[in-house]
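Notes follow the structure.
Rule-based calculations on the coordinates, nothing more; no lab input. Note that the coordinates shown come from a computational prediction; the quantities given were computed from them, not determined experimentally. As a convention, Cβ positions derive from the backbone with ideal geometry for all residues, glycine included, and neighbour counts pool all protein chains shown.
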Amino acid sequence: MSTTLTIGLNCSNNDVAYEESGANWVDMNTSSDYLVFSAGSNIVADGEAIPTQGELAQAGVVLTGIQQTVSKYFLADISDNLLREIHLMGNTQNQYVVAFSFDGATASEPVLEIWDDENLNTVTGDTLGAGTPSSSWWRGITTTTSAPSSNWTGTTLCGATSSYYLTLNDGSGALPAATVLYCNLKIVIPATAVSGLSATPKLAVKFTSN
């Protein structure tokens with residue numbers, strides 16, 4: 001029997017573990033839901049209806065020629081037509097932000113990768129470094145065993161190239177039984193970014209089952 005993965009997003013201000021009381025964990029429907037990264041606005045805000053592409057563009061991060069970290073992260077909950085802010089995601093010292101709940105053992109350590117599209121075979125998009133993995137805007141840090149430090153650097157995420165994906169069990173290998181792993185994510189826009197763009201890269205969790 002293969003192991004099933006459920007991805008949960010902590011849509012509260014409380015740094016509390018998955019499925020424990022005191023937080024609002026929302027399970028992601030990976031076939032329809034998606035993440036939104038934005039500067040936010042009156043329309044692109046927690047509890048608002050899912051915005052149009054035009055509304056998202058208006059609430060985009062303004063490029064200043066100075067490196068900056070995206071400040072707002074949302075789950076687009078399609079079933080409820082709502083944006084749910086992931087308050088603890090980003091350049092924060094929070095541990096319980098994104099949960100990866102495995103209902104059984106795995107044969108390999110689960111890893112988180114980011115690709116251009118659902119085919120998972122190219123990483124040439126601008127936010128993924130336009131062919132240079134070290135220039136990717138995406139950062140991730142495994143928080144399974146502890147919270148990150150202030151202004152954490154984490155791992156630069158870009159495809160399956162060595163050192164550019166996140167090992168969700170802190171490098172400890174395959175999961176011997178049902179387990180919940182955690183990470184935090186942020187986007188760091190480089191000072192060299194001068195032209196506006198829209199990007200829809202795909203996050204993929206890979207593992208093998210026994």
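Determine, from the Cβ-Cβ distance of Gln93 and Asn121 and an R0 of 45 Å, the FRET efficiency 1/(1 + (r/R0)^6), rounded to the nearest 0.05.
Once rounded, the FRET efficiency stands at 0.80.
Taking 0.36 nm per residue of sequence separation and subtracting the Cα-Cα distance, how much length would be gained by fully extending the chain between Ala204 and Asn81, in nm to one decimal?
Roughly 41.9 nm would be gained on extension.
Using 7 Å Cα-to-Cβ label points, what is the Asp170/Ala130 separation (nm, one decimal)?
Taking the simple label geometry, Asp170 and Ala130 are separated by 3.8 nm.
Got the relative contact order for the chain handy, in percent, Cα pairs under 8 Å and 6 or more residues apart?
Relative contact order of the chain: 26 percent.
First measure r as the distance between the Cβ atoms of Leu5 and Ser195, then evaluate 1/(1 + (r/R0)^6) with R0 = 30 Å and state the FRET efficiency to the nearest 0.05.
Once rounded, the FRET efficiency stands at 0.25.
Under a point spin-label approximation (7 Å from Cα along Cα-to-Cβ), what is the Asn42-Glu19 distance to one decimal in nm?
4.2 nm
Using a 7 Å offset from the Cα along the Cα-to-Cβ direction at both Ala107 and Ser146, what is the distance between the two label points in nm, to one decimal?
Each label point lies 7 Å from its Cα, and together they span 3.4 nm.
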